[in-house]
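Below is one structure, written out as structure tokens; comments come after it.
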Amino acid sequence: MAKVVCVLYDDPVGGYPKNYARDDLPLIERYPDGQTLPTPRAIDFRPGTLLGSVSGELGLRKYLEANGHQLVVTSSKDGVDSVLDRELHDAEIVISQPFWPAYMTAERIARAPKLKMIVTAGIGSDHTDLQAAMDRGITVAEVTYCNSNSVAEHVAMMILALVRNYIPSYRQVLDGGWNIADCVARSYDLEGMNVGTVAAGRIGLRVLRLLKPFDVKLHYMDRHRLPESVEKELNLTHHSSLESLTRVCDVVTLNCPLHPETEHMINPKTLKNFKRGAYLINTARGKLCDRDAIAAALESGQLAGYAGDVWFPQPAPADHPWRRMPHHGMTPHISGTSLSAQARYAAGTREILESYFEGRAIRNEYLVVQGGKLAGVGAHSYSAGNATGGSEEAARFRQK
Ligand code: NDP
């Protein structure tokens, strides 16, 4: 019997939903590169319902208990008195998600002697100390592709929201105002602008494809070049350095994982190389950016806008400067956890658990760490080391 500890975000303030805005989800069989959607033997949930909060339990309880395992689900993850810390000592598997991350630091891993696997129900395993997992021989897996397209849609939305000054204009409506000049004094067309992505992986490439019809000039920076046919199809300009990309782009979107190589890649020095008045969208990870440098660049006008849904730590303390800096379009971390995405990552988590318990290989594309080294998607997109430093600050969050 295995003990599985699953950390999920809180239920809605008004209680777990009794009904939903829509009755079904569109049927999608494959991701754009041909990878199949998750293939668990069965699911015990209705796609389109809230699975990612505590009462949704990722739809796992029936399956785990029927197979004699114990499931503990909690949102209590920060501080020494958290339920997560209390339950870790005999846990075999920890399931967490990036939206409300259970930071699996080296200290926590050391306090979990039976821990064999950490599953990210989503994409982005930077909240786990990958070096500590490698050193202990713990498997780390994530549900690759489950929400890449969801995030890309969010990026497209945020680019348009910033460039066209949507959020302040919407606020005029809520506030009963009608000053058109106030709304449009910062409003532009996206058409013709230079738009660049840092990383053209699953999300970055999708963003490029979604933006193509806006007649923008598309750029990307990545360690590996895309196939020539894709570069031609999208009329892409490749840059081999961040500086080269940011010098020409009006809009920059970050779409690489957080790992020691990318931590704080946007900082006071690199921000100087942006065009004055550029827009920066970051739905990848908060720690790719130096927190105070972003706020300062918005104050000075070096950046015209910043939007995204990723912070560090999460949840962000009430006094996090990104809550109050000017010209931002921040949301809590939601882009990869639409109801549509939840159905995919709940099924993917179940697939990973079935493989583990049945002694079958976990899909290579889901692996981040296995056998003491980076593996699968981890070997391609991450670098060894730890990016969880400072996560204890999440304990300062207090809900109003
Ligand atoms: P992929 O693995 O498909 O793509 C990641 C890309 O990043 C790869 O192309 C990789 O390049 C590139 N990359 C890695 N390091 C660097 C670097 N130093 N410089 C430039 N490029 C680099 O992942 P996804 O596109 O699906 O997801 C990307 C990230 O987005 C996730 O790791 C996660 O942090 C975040 N995310 C956020 C979500 C949200 O809800 N906000 C949800 C899902 C993901 P190469 O392979 O060429 O080395």
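The values are calculated or read from the model by the stated rules, or taken from the named source; none is laboratory data. Every value quoted in this text rests on a predicted model; they were computed, and no experiment measured them. Heads up, the Cβs are rebuilt from the backbone with ideal geometry, glycines too, and the neighbour counts pull from every protein chain shown.
Going through the stretch 297-335 one residue at a time, which ones are of a type in the set (A, V, I, L, M, F, W, C) and either modelled with pLDDT under 95 or under 28 Å from Val7 (Cβ atoms) (or both)? So that I can check it myself, show each step before the final result.
Pass one, the stretch 297-335, residues of a type in the set (A, V, I, L, M, F, W, C): 297-298, 303-304, 307, 310-312, 316, 318, 322, 325, 330, 334.
Correct list: Ala307, Val310, Trp311, Phe312, Ala316, Ala318, Trp322, Met330, Ile334.
Of the conditions (1) within 22 Å of the chain's Cα centre (by Cα); (2) in a helix (DSSP H, G or I); (3) free of Cβ contacts under 8 Å to residues at least 60 places away in the same chain, Arg247 clears all except one; give me its number.
Only one criterion is unmet by Arg247, namely (1).
Do the conditions hold for Tyr31, that is, is it out of contact with any strand residue (DSSP E or B) (no Cβ under 8 Å at 6 or more places or on another chain) and buried (at least 17 other Cβ atoms within 10 Å of the Cβ)?
yes
Of the residues Ser355, Ser383, only one is assigned to a helix (DSSP H, G or I) and surrounded by fewer than 20 Cβ atoms within 10 Å (Cβ to Cβ); which?
Ser355
Give the residue that is nearest to the ligand (Cβ to nearest atom), with candidates limited to residues of the stretch 135-158 that are among the aliphatic types (A, V, I, L, M) and assigned to a loop (DSSP other than H, G, I, E, B).
Across the stretch 135-158, the extreme among qualifying residues is Val143.
Considering the stretch 270-309 alone, what residues qualify as being within 16 Å of the ligand (Cβ to nearest atom) and part of a helix (DSSP H, G or I)?
Thr270, Gly286, Lys287, Leu288
So which residues in the stretch 117-132 are farther than 24 Å from Ala343 by Cβ and more than 16 Å from the ligand (Cβ to nearest atom)?
Gln131, Ala132
Looking only at the stretch 96-116, count every residue that is touching a helix residue (DSSP H, G or I) at 6+ places or on another chain (Cβ under 6 Å), more than 16 Å from the ligand (Cβ to nearest atom) and either within 16 Å of Phe397 (Cα to Cα) or not charged (D, E, K, R) (or both) and tell me the total.
The qualifying residues number 3.
Mind listing whichever residues of the stretch 215-251 are away from the ligand (no atom under 12 Å from the Cβ), buried (at least 16 other Cβ atoms within 10 Å of the Cβ) and over 17 Å from Leu280 (Cα atoms)?
Glu231, Leu234, Leu236, Thr237
What do you reckon, is Gly385 among the small types (Gly, Ala, Ser) and more than 13 Å from the ligand (Cβ to nearest atom)?
Taking the combined requirement at face value, the residue does not satisfy it.
Name the residues in the stretch 16-52 that are in contact (Cβ under 8 Å) with a residue 12 or more places away in the chain and of a type in the set (A, V, I, L, M), would you?
Leu25, Leu37, Ala42, Ile43, Leu50, Leu51
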